[in-house]
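Here is the structure we will look at.
Each reported figure results from applying straightforward, stated rules to the coordinates on display, with no laboratory input. All values derive from a computational prediction rather than experimental measurement. When we count neighbours, we look across all protein chains shown, and the Cβ atoms used for this are built from the backbone with ideal geometry, even at glycine.
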């Protein structure tokens, strides 16, 4: 029997992405695999069923789950969906185990094998599978457009009959993938851009994009490309330095996040109150608690004329390209598991071992295991 790859329709509110696009589905079909697509799965991301060739279209998610050897999803399966998954199936998704420990517990108990796409190790050979990077690039780009839309002034310098209009000042906090994309986009729009990151190694990347790097005499780089948590003394230095630059900015974009943990608090109420009326904060960490004290996920807060915007699921706003990138990430990871046309995963492989969440009735990701077992005590 050929390998069957199933794609159910996303059911989480606001999720517009799909885990497979026509170009990737075609590649699977040419390899002799069977692609099972739930009717309308790609509609929200503008990939209608009619664009998928050589795939099996089924009416319900249950049919997908019952027939597939591999399930590709964007959002983690709900508890109801988990009950539909065969115990010999492998599920790929953005599992967010720290937010949904009850789902992880159910996958463990149902002996579902699951791959958390966000746990793919950030190593050179896994770059083509790095969902966090691909989706962060979409978020960084969109954040600048949201900032420009909410801002009360032009981004570029303009020379008009009424005089010269000065360019907007944009401050990007966090120079990871999303931050660097935000910097590049703001520069393309003509803004004066400053950027800050606790990892000194990002200075060269920031400056190569035409932004000024704000230097703090602290280096908080850690393994995996993320930033470690600052000490209290370091946080005090950071806060004092950032406060002055935030006060001068017309648009501030915050991107600082630590996977599986609450977002670091970087902008406090008193700092917002120093900003000029009409200034804007776009907080890309809104879903994990927010980098700004005043952020409310899914809302725009007006505080003394300063708009604090907390968007949710930003990559989904760019559903076409975000789906294309996510689909390719999944394909590259799945390719590691296929040997001579058959599903034969080497669970000792560094990439597969790092991204495995549950298998054989066990939780393999240690922080998640501790979280779930702690809830049971």
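Data for the structure
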| quantity | calculated |
| --- | --- |
| Qualifying strands (runs of 3 or more DSSP E) (wholly inside region 290-377; at least 3 residues being within 17 Å of residue 125 (Cα to Cα) and in contact with a helix residue (DSSP H, G or I) (Cβ under 6 Å, 6 or more places away or on another chain)) | none |
| Checking residue 2 against (1) touching a strand residue (DSSP E or B) at 6+ places or on another chain (Cβ under 8 Å); (2) part of a loop (DSSP other than H, G, I, E, B); (3) buried (at least 21 other Cβ atoms within 10 Å of the Cβ), the condition it does not meet | (3) |
| Residues that are part of a loop (DSSP other than H, G, I, E, B) and either in contact with a helix residue (DSSP H, G or I) (Cβ under 8 Å, 6 or more places away or on another chain) or under 18 Å from residue 58 (Cα atoms) (or both), drawn from region 5-22 | 8, 9, 10, 11, 14, 15, 16, 17, 18, 19, 20, 21 |
| Region 44-92, residues that are part of a loop (DSSP other than H, G, I, E, B) and farther than 23 Å from residue 328 by Cβ | 59, 60, 78, 83, 84, 85, 86, 87, 88 |
| Candidates 41, 25 - the one that is assigned to a helix (DSSP H, G or I), under 24 Å from the mean Cα position of the chain (by Cα), without any contact (Cβ under 8 Å) to a residue 40 or more places away in the chain and surrounded by 16 or more Cβ atoms within 10 Å (Cβ to Cβ) | 25 |
| Among the residues listed as 357, 318, the single one being under 29 Å from residue 285 (Cα atoms), touching a strand residue (DSSP E or B) at 6+ places or on another chain (Cβ under 6 Å) and touching a residue at least 40 places away in the same chain (Cβ under 8 Å) | 357 |
